[in-house]
Structures are given as structure tokens and as C-alpha cells.
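**Student:** Here it is, the structure in full.
The values are calculated or read from the model by the stated rules, or taken from the named source; none is laboratory data. In this text, all values refer to a predicted model and were calculated from it rather than measured experimentally. Neighbour counts run over all protein chains shown; Cβ positions are idealised from the backbone, glycine included.
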């Protein structure tokens with residue numbers, strides 16, 4: 001059956017520059033470029049191009065340019081080109097249209113409609129170059145009160161376990177198999193160097209990376225891949241994954257072709273078999289069930305580690321978060337619908353869930369009204385693009401944020417959204433060992449550390465401009481935010497005043 005799909009990109013080759021070195025053939029993992037022996041020229045299969053820009057970046061003579069294909073459908077406000085292309089794909093495959101990364105639809109990005117306050121005279125600004133600025137953050141439950149015994153030398157009341165990070169920026173869950181071993185090593189190494197934490201995702205924890213334990217969060221997801229006593233005890237935090245922002249309400253699926261020997265060994269499944277995570281955790285059908293798992297994990301780790309619960313940002317996230325805290329969780333993780341993923345049904349990624357900004361504000365407000373906000377930290381996740389997004393999230397009530405896509409972009413990702421194919425030309429989400437070797441973990445880690453350091457410096461500058469010398473003073477303080485271009489109901493949900501008021 002002839003394909004009716006037009007190329008998404010066009011590959012322009014400057015013949016006057018091209019030296020026919022064939023480097024583009026070597027660099028392209030999707031088979032776009034080829035050498036025509038008869039004509040002794042280079043050719044392209046444009047329909048295979050995904051716009052990753054690997055070939056144009058590494059072309060030694062800069063002969064290649066990748067552009068969006070100029071072909072256009074007749075304009076139709078209802079039947080947009082994307083709708084037509086998705087229908088044609090399904091007409092040819094009979095399957096679900098998959099996509100990587102987060103929702104790319106032009107829904108309102110609330111971070112861009114929130115402005116930060118600045119201090120000037122009565123509350124002067126602070127110079128972060130000459131005065132200390134505290135970004136250290138403590139994750140975990142806080143006691144209702146701290147009772148100190150009267151007798152000299154008597155111990156204080158016991159504190160719940162907490163984990164400290166030097167910056168409120170954590171590296172989000174990305175599992176081994178969804179990303180390469182090199183990429184996961186780079187993220188863990190970056191977390192160690194930056195004094196923060198990296199999440200293993202639900203794919204287990206390779207034995208050779210266990211040395212990063214003090215800087216690692218491990219997941220206990222529905223598939224229980226790689227979960228054993230050592231896995232839990234060698235980590236800093238244990239996270240129960242119930243939902244994910246990119247695909248709320250459904251499970252995970254790592255195709256068998258991505259389950260290599262190493263991935264299979266880590267996940268404790270046979271090589272080449274699909275790694276399927278059920279939509280629900282089959283031992284959690286109520287808050288009481290969740291509480292049993294939380295305390296089972298605390299028991300398994302000798303009550304020495306905080307236990308987090310991750311949910312997708314959905315309409316009743318505030319009520320769910322309240323139940324999670326009352327069930328004994330030390331940390332609530334909220335993942336918004338712009339959260340990235342290696343693979344998700346495109347229709348779910350783009351139509352299910354709500355923005356992290358609205359969910360975060362709702363959850364923080366609900367926990368404060370119920371008087372239990374101190375019993376758990378909140379980590380926000382899902383599409384953080386810069387340091388201002390991070391600071392605004394903290395003002396809305398987050399203790400820290402997870403950064404995933406931004407970290408991958410720092411490592412070289414160009415958001416071609418083909419992670420699920422395993423053909424990542426940059427080696428980040430590659431299954432082929434030869435492709436994965438393109439990513440140097442040391443270089444990638446340095447780039448991620450540089451990103452975190454750069455954002456940290458910007459956060460200190462913004463805090464100084466607000467007259468604040470410790471990020472703890474901004475947490476949940478929405479008086480430092482003003483909304484612009486928002487409806488009254490949006491300002492009400494966010495708990496933020498309009499600009500100029």
C-alpha cells in the first residue's frame with residue numbers, strides 16, 4: 001500500500017560545499033542519507049527525516065540545512081494538517097499514534113503570565129555577590145512541634161527523615177531502557193556534582209551506578225522492575241509512582257526491541273520481552289492500600305528514608321494529595337501534562353491532565369487549609385524551561401522541582417520526539433550500543449551541571465532583587481506573584497492577585 005504521508009522536513013544540500021565525505025550517512029540513525037554509486041552524488045530519503053539536526057550539526061563543510069517541508073494542505077481551521085496526518089498514519093498502520101516528550105499544543109503556559117515582585121526602597125534589594133543566599137532545601141515531613149526535654153543532655157524529640165539538596169532543582173525520572181546507560185550515568189553524575197538528586201525512573205537501577213546512592217531517588221512503580229531490598233536501601237528517597245503527567249491513568253510500555261541484555265538484567269525480565277507496567281498498582285485500590293505500601297517501604301528501609309508518592313496533575317489532584325499525606329507519605333510529587341516521556345499515545349499526551357501551575361496551587365492551598373502542609377514536601381514536575389519557572393513554582397508552593405526535558409536538551413536533545421524508536425541520533429534515548437556511545441557521560445554531565453549552576457545563579461539574582469536571602473522565605477508566598485493577561489477564575493485558582501493590585 002502506497003503511503004500518503006508527505007515528508008515533514010526537507011533536506012537541502014549545497015552541492016558547492018558538499019565534499020561527499022558521507023559523514024551524514026554515518027551520523028543519521030534514520031537512514032535519510034545515501035550515496036548514489038552510479039551518479040557519485042549524495043541523495044536523501046526525505047520522508048525518513050525527523051528533524052533531529054544531527055547531520056547538519058556534524059557536517060564538516062556545513063553543506064546541509066534542515067527545514068520544515070514547504071508542502072501545505074488547503075487551510076482549514078477545523079481539519080488542521082496535524083489531524084490529517086494522524087488520520088493517514090492510522091489508516092496505514094491500524095495502531096496508536098505514539099509520541100515522545102511532553103504536550104506541544106499551544107495551551108496557555110501560566111508561567112508566562114506570572115510576574116515576580118521586586119524590592120526597592122522600604123524593603124531594599126540584596127546583592128547576591130556580596131551577601132550569602134541560601135538555596136539549600138530539605139525534603140521530607142516536618143514534625144507538628146519540636147519538644148525539647150528539660151533535663152540537660154536529654155535528647156530532642158525524634159525528627160522524621162529528611163534529605164537536603166543544595167539547590168531546589170532535581171533531575172526527573174527517566175528509566176534505563178527509555179534512555180541509554182550513558183545518559184543515566186550522566187544524570188546521576190551531574191546530580192552528585194551539583195549536590196542534588198536524580199530519579200532512576202521505573203526501570204531499575206544498574207549495579208554499576210549504585211555508587212551514586214546518596215544522590216538517587218528510586219521508583220517503586222506498578223511493574224516493580226528491579227525492586228529489591230538493596231535497591232530501596234541504597235537510595236536517598238523511595239518514590240511510589242502512581243501517575244505520570246504525559247500519560248495520566250495509563251501504564252507504561254518499553255517495547256521488546258529496546259529490552260537489551262543489560263536492560264533485561266536491570267529490570268529482572270527476559271531479554272527482548274515487552275516491559276509492561278499496568279495502569280494501576282494492583283495492590284493499591286484505596287488510600288488505605290497506599291498507606292500499607294508506604295509503611296511497608298518505610299519498614300524495609302528501617303524508617304530512615306523519606307517516601308514520596310508521584311501522581312499526575314488531574315482535576316482532583318488536591319483531594320488525592322490530601323489523602324496521600326494522610327496515608328503517611330513524606331513527599332508529594334505532582335507531574336503536569338507538559339511532562340516529558342519516552343513514549344505515550346499522542347491522543348492522551350495532548351488531551352488528558354491539567355497544567356502543573358494550576359495543580360500545584362490547588363494542592364498547596366488544600367494542604368494549608370487542612371493544616372497538614374508541613375507533613376509533606378511538594379515536588380512539582382512537567383515542563384520547567386528556565387530558572388524563572390522554578391522560582392514561580394516555589395512561590396506557588398513547591399519545595400523543589402523536577403527537571404527532565406531541559407536536562408536532555410542540555411545534553412544535546414533537539415526534541416524530535418522519536419524517543420520511542422530507540423534510534424536517537426544523539427545517543428540519549430538510543431537502544432543501539434553504537435548510537436548510545438555517541439554520548440560521552442562526562443561531557444553530558446558537565447553540560448547538565450552547567451545548566452543547574454546557571455539557573456542557581458539566576459535564582460539568586462532574582463531572590464536578591466526581591467529582597468529575599470533564603471529560598472525558604474519565598475516558598476508558598478504568593479504575594480510575590482502577580483498575574484497578567486489571566487481570567488478571574490485563573491487568578492482565583494492560582495491564589496494570585498492581578499498585576500497592579
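**Student:** Going through the range 242-261 one residue at a time, which ones are modelled with pLDDT of 90 or more and more than 29 Å from residue 338 (Cβ to Cβ)?
**Tutor:** 261
Results for (1) in contact (Cβ under 8 Å) with a residue 60 or more places away in the chain; (2) closer than 30 Å to residue 122 by Cα; (3) outside the structural domain of residue 190 (by TED's automatic domain parsing), shown as yes or no for each residue.
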{"site": "386", "(1), (2), (3)": "yes, yes, no"}
{"site": "419", "(1), (2), (3)": "yes, no, no"}
{"site": "459", "(1), (2), (3)": "yes, yes, no"}
{"site": "480", "(1), (2), (3)": "yes, yes, no"}
{"site": "483", "(1), (2), (3)": "yes, yes, no"}
{"site": "489", "(1), (2), (3)": "no, no, no"}
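**Student:** Let me ask another. Residue 47 is checked against (1) at positive phi; (2) modelled with pLDDT under 95 and fails just one. What number does that condition carry?
**Tutor:** Tallying (1) at positive phi; (2) modelled with pLDDT under 95, residue 47 fails exactly one: (1).
**Student:** Now a separate question. Looking only at the range 49-88, count how many residues are part of a loop (DSSP other than H, G, I, E, B) and touching a residue at least 24 places away in the same chain (Cβ under 8 Å). Let's see the steps before the verdict.
**Tutor:** First pass over the range 49-88, keeping only residues part of a loop (DSSP other than H, G, I, E, B): 49-53, 59-63, 69-80.
This time we only want the ones that are touching a residue at least 24 places away in the same chain (Cβ under 8 Å), so: 49-53, 59-63, 69-71.
The number of residues fulfilling the criteria is 13.
**Student:** For residues that are in a loop (DSSP other than H, G, I, E, B) and closer than 17 Å to residue 50 by Cβ, tally how many sit in the range 1-31.
**Tutor:** 9
**Student:** Let me ask you something else. Yes or no: residue 398 in contact (Cβ under 8 Å) with a residue 12 or more places away in the chain, at negative phi and part of a loop (DSSP other than H, G, I, E, B)?
**Tutor:** yes
**Student:** Identify, please: which residue in the range 3-36 is under 38 Å from the mean Cα position of the chain (by Cα) and without any contact (Cβ under 8 Å) to a residue 24 or more places away in the chain and is, among those, farthest from residue 89 (Cα to Cα)?
**Tutor:** So the residue we want is 22.
**Student:** Whether any residue in the range 386-396 is surrounded by 21 or more Cβ atoms within 10 Å (Cβ to Cβ), touching a strand residue (DSSP E or B) at 6+ places or on another chain (Cβ under 6 Å) and within 30 Å of residue 32 (Cα to Cα) is what I want to check.
**Tutor:** no
**Student:** Going through 183, 194 one at a time, which residue ends up being surrounded by 24 or more Cβ atoms within 10 Å (Cβ to Cβ), touching a residue at least 40 places away in the same chain (Cβ under 8 Å) and more than 21 Å from residue 341 (Cβ to Cβ)?
**Tutor:** Details: 183 fails: more than 21 Å from residue 341 (Cβ to Cβ).
Of the residues listed, the single one that is surrounded by 24 or more Cβ atoms within 10 Å (Cβ to Cβ), touching a residue at least 40 places away in the same chain (Cβ under 8 Å) and more than 21 Å from residue 341 (Cβ to Cβ) is 194.
**Student:** Please verify whether the range 434-446 includes one or more residues that are surrounded by 23 or more Cβ atoms within 10 Å (Cβ to Cβ) and in contact with a strand residue (DSSP E or B) (Cβ under 9 Å, 6 or more places away or on another chain).
**Tutor:** No, because not a single residue in the range 434-446 is surrounded by 23 or more Cβ atoms within 10 Å (Cβ to Cβ) and in contact with a strand residue (DSSP E or B) (Cβ under 9 Å, 6 or more places away or on another chain).
**Student:** Please count how many residues of the range 33-44 are at pLDDT 95 or above and not in a strand (DSSP E or B).
**Tutor:** 0
**Student:** Somewhere in the range 361-379, is a residue closer than 23 Å to residue 164 by Cβ, within 14 Å of the chain's Cα centre (by Cα) and crowded, with 24+ Cβ neighbours inside 10 Å?
**Tutor:** For the range 361-379, residues closer than 23 Å to residue 164 by Cβ, within 14 Å of the chain's Cα centre (by Cα) and crowded, with 24+ Cβ neighbours inside 10 Å: present.
**Student:** Is it the case that the range 234-249 has a residue that's surrounded by fewer than 22 Cβ atoms within 10 Å (Cβ to Cβ), in the same structural domain as residue 199 (by TED's automatic domain parsing), in a strand (DSSP E or B) and touching a strand residue (DSSP E or B) at 6+ places or on another chain (Cβ under 9 Å)?
**Tutor:** no
**Student:** Under 8 Å between Cβ atoms, which residue pairs at least 6 apart in sequence (or on different chains) link something in the range 126-149 that is crowded, with 17+ Cβ neighbours inside 10 Å with a partner that is at pLDDT below 90?
**Tutor:** Going by the 8 Å Cβ cut-off, the qualifying pairs are 140/160; 141/160.
**Student:** Looking at the range 274-349, what strands (runs of 3 or more DSSP E) fall wholly within it and have at least 3 residues that are buried (at least 17 other Cβ atoms within 10 Å of the Cβ) and under 21 Å from the mean Cα position of the chain (by Cα)?
**Tutor:** Those strands (runs of 3 or more DSSP E) span 307-312, 331-335.
**Student:** Quick one: which residue in 29, 16 is exposed (fewer than 14 other Cβ atoms within 10 Å of the Cβ) and at negative phi? Even if it seems obvious, please write down each step before you answer.
**Tutor:** Details: 29 fails: exposed (fewer than 14 other Cβ atoms within 10 Å of the Cβ).
Unique residue meeting the criteria: 16.
**Student:** If residue 494 meets every condition in (1) modelled with pLDDT of 95 or more; (2) surrounded by 13 or more Cβ atoms within 10 Å (Cβ to Cβ); (3) closer than 30 Å to residue 31 by Cα apart from one, which number is that one?
**Tutor:** That leaves (3) as the condition not met.
**Student:** Quick one: which of 333, 307 is at pLDDT 95 or above, touching a strand residue (DSSP E or B) at 6+ places or on another chain (Cβ under 6 Å) and farther than 18 Å from residue 398 by Cβ?
**Tutor:** Just a single option satisfies the conditions, and that option is 307.
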